[in-house]
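Values quoted throughout were computed directly from the atomic coordinates according to the rules given, and no laboratory measurement underlies them. Since we're looking at a predicted model, the values are computed, not measured. Positions of Cβ are generated from backbone atoms using ideal geometry, with glycine treated the same way; all protein chains shown enter the neighbour counts.
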Amino acid sequence: MRTIPSRIIAVRDEGKDRRTITVLNKEIAEKAQPGQFIMVWIPGVDEIPMGISHIGKEEIAFTVHRIGEATNALYNKKVNEYIGVRGPYGKGFKEVDGNIIVIGGGTGTAPLIPLIKRLYEKEGNNVTVINGAKSIDEMVFKEELNELTKMGKIKYMPATEDGSLGYKGLATTLLEEVLNKMEKPDEIYACGPESMIKRVVEIALEKGIHVQALVERYMKCAIGICGSCTMDPIGIRVCVEGPVIPIETLARITELGVYKRDSSGRKTKI
Ligand SMILES: Cc1cc2nc3c(=O)[nH]c(=O)nc-3n(C[C@H](O)[C@H](O)[C@H](O)COP(=O)(O)OP(=O)(O)OC[C@H]3O[C@@H](n4cnc5c(N)ncnc54)[C@H](O)[C@@H]3O)c2cc1C
């Protein structure tokens, strides 16, 4: 897939150190599925993977959290500037109907937004969204999710560790409380810090609930050749077999929530 020069048409603050950047790119917008990712080239800096937080008719968006050189450069891009975008890549979420729980942590909620939209648009689905963050400043898409609740499309349950919005505590503790009060859901979708994903998998295995989670690993090629994003011990390539991985596979990945590899392949603790 070629890198397409894409014009930035909107930049929106999304809490502390986070921004949603919308670019014109009809080719990717027509193909992208919730859960897939794109490779974003920031001229003169780097090319990095980003989840897709909006899929429009001729535009897509991603939500960047600045943590290093490339994400910082991206965060500072302005409307009408150009970046390169290739994709969409990887396997997205498989849509399951019924009683659904979507759990996002921090910026990890962003790639769940197109999925949430698909789910509530289907009649008969009952969608609960648990959105966790350290504090209200780190909570992305809270206004949209609130609005969707007012419109009766979803049930939005924010959770913050400092209690600045919604439930005080971890999103996974809230998940356990919700599960204890409801009938077994048909599916749980998750994206966020790996410690959160790992806990979601443990809870779901205990209760016999199916999960699909979006996992991040260091990536170079994004097309399954370089091997940078493989996970131990089964060697699954996150860019091709993921980034959305089902619970059967997640349960076999021993490095989940424990370590990841850096740009030189060295293991670093999570
Ligand atoms: C499928 C996928 C979807 C992602 N979606 C988003 C998103 O929606 N929003 C967002 O803010 N971030 C997302 N990321 C993570 C983002 O790609 C990294 O934060 C970014 O590459 C860091 O680059 P940097 O130069 O700013 O930081 P660096 O200084 O290079 O690194 C900071 C940290 O990020 C990790 N990292 C660095 N490069 C990569 C890379 N190419 N791939 C994965 N991890 C890396 C490093 O291990 C290190 O821990 C996603 C990653 C993947 C694999």
Practice problem: May I ask you to compute the full-extension gain from Lys26 to Leu205, defined as 0.36 nm times their residue separation minus their alpha-carbon distance, rounded to one decimal in nm? | Solution: 60.5 nm
Quiz item: What residue among Val79, Val129, Val200 shows peak mean-square fluctuation when the chain is described by a Gaussian network model with Cα springs under 10 Å?
Solution: Val79
Quiz item: Once every DSSP H run of n ≥ 4 in the chain is given -39500 (n - 2.57) and the sum is divided by its residues, what mean residue ellipticity at 222 nm do you get, rounded to the nearest 500 deg cm²/dmol?
Solution: -6000 deg cm²/dmol
Self-check item: P(r) of region 145-270 over all Cα-Cα pairs, binned every 5 Å from zero, in whole percent
Solution: 2, 10, 17, 19, 18, 13, 11, 7, 3, 0
Quiz item: Radius of gyration and Dmax for region 4-89's Cα atoms, expressed in Å?
Solution: 11.4, 31
Quiz item: For region 116-210, what D do you get in µm² per second when you plug the Kirkwood radius from alpha-carbon pairs into Stokes-Einstein at 37 °C and 0.692 mPa s?
Solution: 236
Exercise. Taking the Cβ of Pro158 as the centre, find all other residues whose Cβ is under 15 Å away and add up their charges (Lys, Arg: +1; Asp, Glu: -1).
Key: -4
Quiz item: Where Rh is the Kirkwood radius over the Cα pairs of the chain, the temperature 25 °C and the viscosity 0.890 mPa s, what D in µm²/s does Stokes-Einstein return?
Solution: 131
Quiz item: Whole number please: convex hull volume per residue of the Cα set in region 215-270, in Å³?
Solution: 68
Quiz item: Which entries in the list Lys57/Lys117; Lys117/Lys153; Lys16/Lys260 go over 19 Å, if you measure between the two C-alpha atoms of each?
Solution: Lys16/Lys260
Practice problem: Go ahead and run the numbers for FRET between Ser263 and Lys94, Cβ-Cβ distance against an R0 of 51 Å, rounding to 0.05. | Solution: 0.95
